[in-house]
Every structure is written in structure tokens, then in C-alpha cells.
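Read the structure below first, then the notes.
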Amino acid sequence: MVSLKDLCSGIPVDPLPEPRPRDDSVAHAPIRMLDLTREEERLAVQNALRYFPSHCHESLAPEFAIELRTYGHIYMYRFRPDVEMRSRPLPEYPTKCQSAAAIMHMIMNNLDPRVAQFPHELVTYGGNGQVFSNWAQFLLTMHYLSEMSEEQTLVMYSGHPMGLYPSSQAAPRLIITNGMMVPNYSSRSLYDRLFALGVTMYGQMTAGSYCYIGPQGIVHGTTLTLLNAARKHLNTNDLGGKVFVSAGLGGMSGAQAKAAVICGCVGVIAEVSEEALMKRYRQGWLQEVVADLDNLVALLRNARRRRKPLSIGYHGNVVDVWERLVVEYEASGDLLCDLGSDQTSCHNPFQGGYYPAQLNYQDARDMMHEDPVKFKNLVQDSLCRHVEAINKLASRGMFFFDYGNAFLLEAGRAGADVGRKSGLHATTFRYPSYVQDIMGDIFSLGFGPFRWVCTSTDPSDLEKTDEIAATIIEELSKKEVPVSVKQQFEDNARWIREAGQHQMVVGSQARILYSDQEGRVAIALAFNKAVADGHLQSPVVISRDHHDVSGTDSPYRETSNIYDGSALCADMAVQNVIGDSFRGATWVALHNGGGVGWGEVMNGGFGLLLDGSQEAAHKARAMLAWDVSNGVSRRSWAGNANARETIVRTMAANPGLRVTVPHEVEDDSLLDRALNPSF
């Protein structure tokens, strides 16, 4: 086991570490098999060898060639360090500045086997959300961070540490870009080849920005989605006896079972990977596990009758679950599902993100690289069956929503009857995206997934921050605000008061809380003061999901409720990262791809270290205000009434803020008359 000092000493080459075979005791990323040309294979190996002096090439070249041809990518398993991969208190890291130690803390949490989906392939979540492309990049990044001063900035190109550059104390310590492409070449097929060459990387959202906090990161959003779906479509605030059916227990999707129980309903979540399912069960995120449909239906009926909150993990394919629910309805007239969705990694459907119902898990993993054309056909057939069963139940009263994972998009491409509308708003399907239907309006109020990490790693610090945040949110809820805003404050006050009892921490001592601009700033300043006063033992890193008010331009998810024609534009996400960078962020990241998939979204995020200083307080005020108001402004300009009301209230509270507010066309018939030649 190497020490942190050794870990940060750079890439070991004298001598080279011994070769390391793949460890079968951990889950591994699906094998990528591409029909690379001989020239492309040569280039991939040549690119990998750039990290090593020439005297190592004779040993490493054939090894890297074997990895490329066996796994479809050069991960450099030999250089995977023998270290307990987990976040540690900042003083344990051998760095010259606290900012670097905080970034190390976040990186190691992203690769913690308790947190990461495929830790040895450096994948945090989503099937292919990389932290780095290979282990040499990890080691070199840790080395640069150990040497970095407060007047340098580390620049990351799609997992590759380009180097440390002189900057200033006011500049970010780290700038990350992942998957940046010349627009005409941002295709899925070209990405697969470029990733094999080691020249680009899919960072998902918070994998490649080092801000992932485990499945807790989406529990709160899923909880809010279910609560508001029930209010809007089931006409109830009480989910007792209601049933939610979905799929996926991997990285982000692992939150669904916990969210269902928090909401008080019965959650049935299907998962084809036994390893992923049992990981969530051992962590307490699942209460029951079954592998038989008869047992599943019996459990579901019993819990539904008793109105007992219960999370059930079904080891098998979700298509079989949906089709069985159809059979149950046709036989008895009982509609056993009230709410439905899907959180498979459908953004990557042909390389392990979606498993066809016709094959078992292992046969599917074999076929996807041995016969990718046949595998693709089976996936698309399965998607059609999937949607057919959902359509039957939805026609009887179940409410289904797309959870922004490209499920309806890919099902439509497969030929399923998803009712996709043509024309400018081709982002609309028979079933709404949860953003179109629910979360979009919440984003437009300025509320989104604010996060923090207690770098002491002490649970008592997290408890203190929960109390600080809860007190602030409860005070804000007492102010004169619109009813819609008060509802959000009350939901979130309840969430943070109950967060500890739900045991959601996996990895770092982190928390998520939906808050608006005023709440985020107040909470950050209170945390910073608590660090300065010694109430908290160590600095706090604040961040957010890229899936937020301003962080993401995604026409099939975050901006799917933008109807002025700009849903396909990405100015907001790019402007957000630029604005965060000069307003005080410790690091910023800008990604192509995330959630919905490569080429379908532009998104960005930040990390900000609250070290108790006045400078940190100034940065938090300036940066967090911009980080929220940017997105609210864009949503207001696109015509969202909630956003317009929110940005007008924000301007009234801040004389320095002046936003262009749209004038509405009061008489729609004017447009038709104007376009009539006889007008």
C-alpha cells in the first residue's frame, strides 16, 4: 500500500511497477470493441506512450496494444496505484495550498469503490462517465496538485493534465474541459474512436468535474420530482399506497429506491447487474431484493395494500416487469403502478447503458462487443417492447415521465411509438420530460441542487452544516415570498431536517439541498463563518450538480421547457462557466455530454473552497449570485413566467443587477395577421 506522498510523486518509471491483471472482484466497464484501422491502433498506442520516457516503451507498447484490442481502450492498469482510494482530511494531503488538497479530496472521492461505478476504469457513474481516461493521467494530476501554488492554475484537457500555468490568487486553481469538439464532429461514432485514441473523454456531469457525491446527489431531485408529480398528476400530497416503477441502480439511478421510501410510496426498481443491485442493498438503499416476478408482484401488492413505504430491487430486466404489470392489469383490472420512469444509462444504449430483455446480463455483455450489430438490433427491439407496455398502462391512468436519460429519444430512434412531435420543438414526446413537466418551473424560481462537502471527513461536521442550512431555509420561508417559492422552502426545510436519518452518505461527508440564490449565498456565508469561528473543523467545498438552473443547455432535459427556439443553443452553460471563473470559483469545468449523452448537451460546474477567510466570503457572494441569476435571466427571456417574476424580485433586491426583461405579445392573432400578405 503506497502512501499519499508516494501517490503524489508522479508516474513511477524507475522501476516500472509490475503488470497488474484486471481484478475480477470489482465491477468493470463493458468492453468497447471498435473496428479501428491499423493506423488508428498505432496512433492509440503512440499517444499512450507519450506519458513515459522512451526507455519504457519497449515494455509498455505491447502491453498497451493488448489492452486496446482486449478492452477497446488503454486504461494502463499497471499504473493503478495500490492505495485505499477514499477522501481524506485536507492536512493529510502533501500539498502547498489548501485549494489543491480540496481538489485531491474530491478526486479521490469520485474514484472511491463505494462511490464509483467502475473504479478501475476510472468511471464514476452513468456507464461511461470518466474522471480520467487512464491511470497515468490520475498520477500526473495528483503530482501537479502537490506542487501547485496559489498563483498557478492546472489546466485539464479531457482528463489530460496539460500543465501548471502562472496565474493569480484571484484566478481558479483548476480549469477543466471535457469532450470539447468542433460542432460538426460531435457524433457518437466519432467519439468512440477518439476515446480509443485517448484524445477526448466523456465526463458525464460531475464525474469529470470531480464534484460527484454518490447517489445522494440525485436523491433530493428525485424526491422533489415524485412529490410534485403526485401533486400535479395524482392530485395528492400523500403517496402512501402509491407505486413507482423504474429501472437502474447504478451511480445516479441508485437514488430512486431511497427517494421512493422518503416520499412514502412503494418503489420497484429493476437492475440487470447483480453487483450493482447488491451494492445498493448492502449500503441500505434497498429494503428488499427479489429475482422472481411472482414474488415481486406479491410484495408489491402487500405493501400497496398496507400503504407501507418499501423499496424493492428486482434482479432482472425492467421490460419483463412492465410486461408483467400489463398482464396483471388485463387479468384483474388492477393498475399496480401509479408513477413510472426510467433511469438506465440510455444515453449510451449500445455499449452497456441499456440491456435488451432477450438476453441475460452476461450474454448481453459478450454480444455487445462480439456482434455489435445484432446487439444494437436487440436493444432497439427491447426498447419498442418497453414502450409498448408503458403505453398500455399509461392509457389506463399511470403517469410516466422521462427522467432525462435519453430513454424516449433512443426509443423513438428505435421505432417505438413515443409520439415525438416534429418541427422546431422536436424535443417533445407523448410523455413529458420531468424538466418540462415539473423541475423546469422549479429551476425558473432559481431553486436547484446546491451541494457541500465537509473536508474534515467527520460526520459531526456534516450534522452541524445540516443544522445551519435548515435554520436558514426555515427563516427564509417566513419572509414575504410567492406561494410557489414558500412551497419550495418548506419542502427543502423538511428535506434537510430529515436528511441525516435517511443515511444517504456514501463516500465523502456531503449533502445536497435545493435552494435559490438568496438561500445559497446565506448558507455559504454561514458555513464560511463557522469555519472561521472553529465551529467546523475544516474548510467546506461548495458545489452543485451541473443539472441546475444555469449549468446545462440540454434540449431533452434541463432546457426542454424552453420554447422560444433557443433550446438547441448553448450560450447559457458556456457563459456560466466563464462568469464563475472570474467571480471566485476555485475550479470550473465545461463538458460536452452529460445525462442525455455525447453531442446532446453542454454543461458546466464549479467548486469553491470556503476556508473561513473574508476573501472566500466575497467570492461566494459574487459567484453564487451570478451562478443562479444567469439561468433565471435566460429562462425569463425565453418566456417563463416564474423566471420573469424571480428575476424582477432579484433586481429589486440588488440595484447593481439589470436584466433585459421580455415584453409579451398580448394578442397572438397579431402574429397571424402580420404574416398574412394582405395585412
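The values are calculated or read from the model by the stated rules, or taken from the named source; none is laboratory data. Note that this is a predicted model, so its numbers are computed, not measured. FYI the Cβ positions are ideal-geometry reconstructions off the backbone, even for glycines, and counts take in every protein chain you see.
When A526 is evaluated against the numbered criteria (1) assigned to a helix (DSSP H, G or I); (2) at pLDDT below 95, which criterion, by number, is the only one it fails?
Here A526 clears every test but (2).
Can you find a residue in segment 596-608 that is at pLDDT 95 or above and surrounded by fewer than 24 Cβ atoms within 10 Å (Cβ to Cβ)?
No, the conditions are met nowhere in segment 596-608.
Pick from segment 529-566 the residues that are charged (D, E, K, R) and part of a loop (DSSP other than H, G, I, E, B): which of them is modelled with the highest pLDDT? So that I can check it myself, show each step before the final result.
First, the residues of segment 529-566 that are charged (D, E, K, R): 529, 533, 544-545, 548, 553, 557-558, 564.
Right, trim to part of a loop (DSSP other than H, G, I, E, B) and you get 533, 545, 548, 557-558, 564.
Working: D533: 98, D545: 91, D548: 91, R557: 84, E558: 87, D564: 91.
Result: D533.
Working only within segment 1-25, note down all residues that are surrounded by 14 or more Cβ atoms within 10 Å (Cβ to Cβ), of a type in the set (A, V, I, L, M, F, W, C), touching a residue at least 60 places away in the same chain (Cβ under 8 Å) and assigned to a loop (DSSP other than H, G, I, E, B). Break it down stepwise before answering.
Taking segment 1-25 and keeping what is surrounded by 14 or more Cβ atoms within 10 Å (Cβ to Cβ), we get 2, 4, 6-13, 16-17, 20, 22.
Among the residues that remain, those that are also of a type in the set (A, V, I, L, M, F, W, C) are: 2, 4, 7-8, 11, 13, 16.
Checking which are touching a residue at least 60 places away in the same chain (Cβ under 8 Å) leaves us with 2, 4, 7-8, 11, 16.
Selection gives V2, C8, I11, L16.
Any residue at all in segment 18-40 that's hydrophobic (A, V, I, L, M, F, W, C) and over 26 Å from D366 (Cα atoms)? Explain how you work it out, then say what you get.
Pass one, segment 18-40, residues hydrophobic (A, V, I, L, M, F, W, C): 26-27, 29, 31, 33-34, 36.
Among the residues that remain, those that are also over 26 Å from D366 (Cα atoms) are: none.
For segment 18-40, residues hydrophobic (A, V, I, L, M, F, W, C) and over 26 Å from D366 (Cα atoms): absent.
Hey, any hits in segment 148-157 for a residue that's farther than 30 Å from N492 by Cβ, touching a residue at least 60 places away in the same chain (Cβ under 8 Å) and surrounded by fewer than 24 Cβ atoms within 10 Å (Cβ to Cβ)?
No, the conditions are met nowhere in segment 148-157.
Which residues, taken from segment 352-398, are closer than 30 Å to N235 by Cβ and of a type outside the set (G, A, S)?
Within segment 352-398, H386, V387, E388, I390, N391, K392, L393, R396, M398 qualify.
Grab the helices (runs of 4 or more DSSP H) fully contained in segment 400-489, keeping just those with 2 or more residues being within 30 Å of T650 (Cβ to Cβ).
Numbers: elements: 407-413, 440-444, 459-477.
Per the criteria, 440-444, 459-477.
Which one of these is out of contact with any Pro (no Cβ under 9 Å at 6 or more places or on another chain), at pLDDT below 90 and not aliphatic (A, V, I, L, M): T223, T200? Spell out how you get there, then give the answer.
Values: T200 fails: at pLDDT below 90.
Of the residues listed, the single one that is out of contact with any Pro (no Cβ under 9 Å at 6 or more places or on another chain), at pLDDT below 90 and not aliphatic (A, V, I, L, M) is T223.
Regarding segment 205-212, can at least one residue be identified that is crowded, with 22+ Cβ neighbours inside 10 Å, β-branched (V, I, T) and either in a strand (DSSP E or B) or within 24 Å of the chain's Cα centre (by Cα) (or both)? Walk me through how you get there before you give the answer.
Just the residues of segment 205-212 that are crowded, with 22+ Cβ neighbours inside 10 Å, to begin with: 205-212.
Remaining after also requiring β-branched (V, I, T): 206.
Subset that is either in a strand (DSSP E or B) or within 24 Å of the chain's Cα centre (by Cα) (or both): 206.
Yes; the residues of segment 205-212 include at least one that is crowded, with 22+ Cβ neighbours inside 10 Å, β-branched (V, I, T) and either in a strand (DSSP E or B) or within 24 Å of the chain's Cα centre (by Cα) (or both).
Please indicate, with yes or no, whether at least one residue in segment 600-620 is part of a helix (DSSP H, G or I) and β-branched (V, I, T). If you could, list the steps in order and put the result at the bottom.
Here is the first cut: in segment 600-620, the ones part of a helix (DSSP H, G or I) are 614-620.
So of that shortlist, the ones also β-branched (V, I, T) come out as none.
Checked segment 600-620: no residue is part of a helix (DSSP H, G or I) and β-branched (V, I, T).
I'm trying to understand the selection: among the residues of segment 453-481, which are crowded, with 17+ Cβ neighbours inside 10 Å and over 25 Å from G507 (Cα atoms)?
Matches in segment 453-481: I472, I473, L476, S477, V481.
Here is a yes/no grid of residues against (1) of a type outside the set (A, V, I, L, M); (2) in the same structural domain as M368 (by TED's automatic domain parsing):
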residue: L174; (1), (2): no, no
residue: R193; (1), (2): yes, no
residue: T225; (1), (2): yes, yes
residue: N235; (1), (2): yes, yes
residue: L239; (1), (2): no, yes
residue: G267; (1), (2): yes, yes
residue: A270; (1), (2): no, yes
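Are any of the residues in segment 148-164 farther than 18 Å from L609 by Cβ, among the acidic types (D, E), more than 21 Å from the chain's Cα centre (by Cα) and modelled with pLDDT of 95 or more?
no
Does segment 471-496 hold any residues that are modelled with pLDDT of 90 or more and basic (K, R), and which are they?
K478, K479, K486
Specify the residue that is nearest to Y514 (Cα to Cα); the eligible residues are those in segment 613-660 that are over 30 Å from the mean Cα position of the chain (by Cα) and of a type in the set (G, A, S).
If we take residues in segment 613-660 being over 30 Å from the mean Cα position of the chain (by Cα) and of a type in the set (G, A, S), then A653 is nearest to Y514 (Cα to Cα).
Within segment 364-392, restricting attention to residues that are more than 30 Å from L339 (Cβ to Cβ) and without any contact (Cβ under 8 Å) to a residue 24 or more places away in the chain, which residue is surrounded by the most Cβ atoms within 10 Å (Cβ to Cβ)?
Checking each candidate, the answer is M367.
Give me a count of the residues in segment 627-679 that are among the β-branched types (V, I, T) and modelled with pLDDT under 95.
Just the residues of segment 627-679 that are among the β-branched types (V, I, T), to begin with: 628, 632, 646-648, 650, 659-661, 665.
Then keep just the ones that are modelled with pLDDT under 95; that gives 665.
Within segment 627-679, residues that are among the β-branched types (V, I, T) and modelled with pLDDT under 95 number 1.
For segment 1-18, enumerate the residues that are under 18 Å from H120 (Cα atoms) and more than 33 Å from the chain's Cα centre (by Cα).
Within segment 1-18, P17, E18 meet the criteria.
In segment 34-46, is there at least one residue being in a loop (DSSP other than H, G, I, E, B), surrounded by 14 or more Cβ atoms within 10 Å (Cβ to Cβ), at pLDDT 95 or above and assigned by TED's automatic domain parsing to the domain that holds Y144?
Quick first cut of segment 34-46, residues in a loop (DSSP other than H, G, I, E, B) only: 34-37.
Those still in the list that are surrounded by 14 or more Cβ atoms within 10 Å (Cβ to Cβ) too: 34, 36.
Keeping just the survivors that are at pLDDT 95 or above gives none.
Within segment 34-46, none of the residues are in a loop (DSSP other than H, G, I, E, B), surrounded by 14 or more Cβ atoms within 10 Å (Cβ to Cβ), at pLDDT 95 or above and assigned by TED's automatic domain parsing to the domain that holds Y144.
If you check Y144, Y157, which single one turns out to be assigned by TED's automatic domain parsing to the domain that holds G10, touching a Pro at 6+ places or on another chain (Cβ under 6 Å) and hydroxyl-bearing (S, T, Y)? Break it down stepwise before answering.
Details: Y157 fails: touching a Pro at 6+ places or on another chain (Cβ under 6 Å).
Testing whether each residue is assigned by TED's automatic domain parsing to the domain that holds G10, touching a Pro at 6+ places or on another chain (Cβ under 6 Å) and hydroxyl-bearing (S, T, Y) leaves just Y144.
Given the residues L90, L60, L68, which is the only one that is without any contact (Cβ under 8 Å) to a residue 60 or more places away in the chain, buried (at least 19 other Cβ atoms within 10 Å of the Cβ) and not assigned by TED's automatic domain parsing to the domain that holds D458? So that I can check it myself, show each step before the final result.
Numbers: L90 fails: without any contact (Cβ under 8 Å) to a residue 60 or more places away in the chain; L68 fails: without any contact (Cβ under 8 Å) to a residue 60 or more places away in the chain.
The conditions single out L60.
Could you list, ordered by first residue, the pairs with Cβ atoms under 7 Å in which the first is in segment 328-347 and under 16 Å from F399 (Cα atoms) and assigned by TED's automatic domain parsing to the domain that holds L310 and the second is among the hydroxyl-bearing types (S, T, Y) and modelled with pLDDT under 95, at least 6 apart or interchain?
Final answer for the pair search is S341/Y403; D342/Y403; Q343/S253; Q343/Y403.
Looking at D437 and the list (1) touching a residue at least 60 places away in the same chain (Cβ under 8 Å); (2) among the charged types (D, E, K, R); (3) surrounded by fewer than 22 Cβ atoms within 10 Å (Cβ to Cβ); (4) closer than 21 Å to V540 by Cα, which single condition is not satisfied?
(4)
Does at least one position in segment 390-399 carry a residue that is closer than 25 Å to A229 by Cβ, assigned to a strand (DSSP E or B) and either assigned by TED's automatic domain parsing to the domain that holds A641 or within 26 Å of the chain's Cα centre (by Cα) (or both)?
Looking only at segment 390-399, we keep the residues that are closer than 25 Å to A229 by Cβ, and these are 390-399.
Remaining after also requiring assigned to a strand (DSSP E or B): 399.
Subsequent filtering for residues that are either assigned by TED's automatic domain parsing to the domain that holds A641 or within 26 Å of the chain's Cα centre (by Cα) (or both) retains 399.
Looking through segment 390-399, at least one residue is closer than 25 Å to A229 by Cβ, assigned to a strand (DSSP E or B) and either assigned by TED's automatic domain parsing to the domain that holds A641 or within 26 Å of the chain's Cα centre (by Cα) (or both).
Could you check segment 444-481 and list, in sequence order, the residues that are more than 30 Å from G534 (Cα to Cα) and in contact with a helix residue (DSSP H, G or I) (Cβ under 7 Å, 6 or more places away or on another chain)?
If the condition is that a residue be more than 30 Å from G534 (Cα to Cα) and in contact with a helix residue (DSSP H, G or I) (Cβ under 7 Å, 6 or more places away or on another chain), then S444, L445, G446 are the ones that fit.
Would you kindly identify the strands (runs of 3 or more DSSP E) lying entirely within segment 247-353 that contain at least 3 residues that are crowded, with 24+ Cβ neighbours inside 10 Å?
On the way: elements: 266-271, 288-290, 310-315.
The qualifying strands (runs of 3 or more DSSP E) are 266-271, 310-315.
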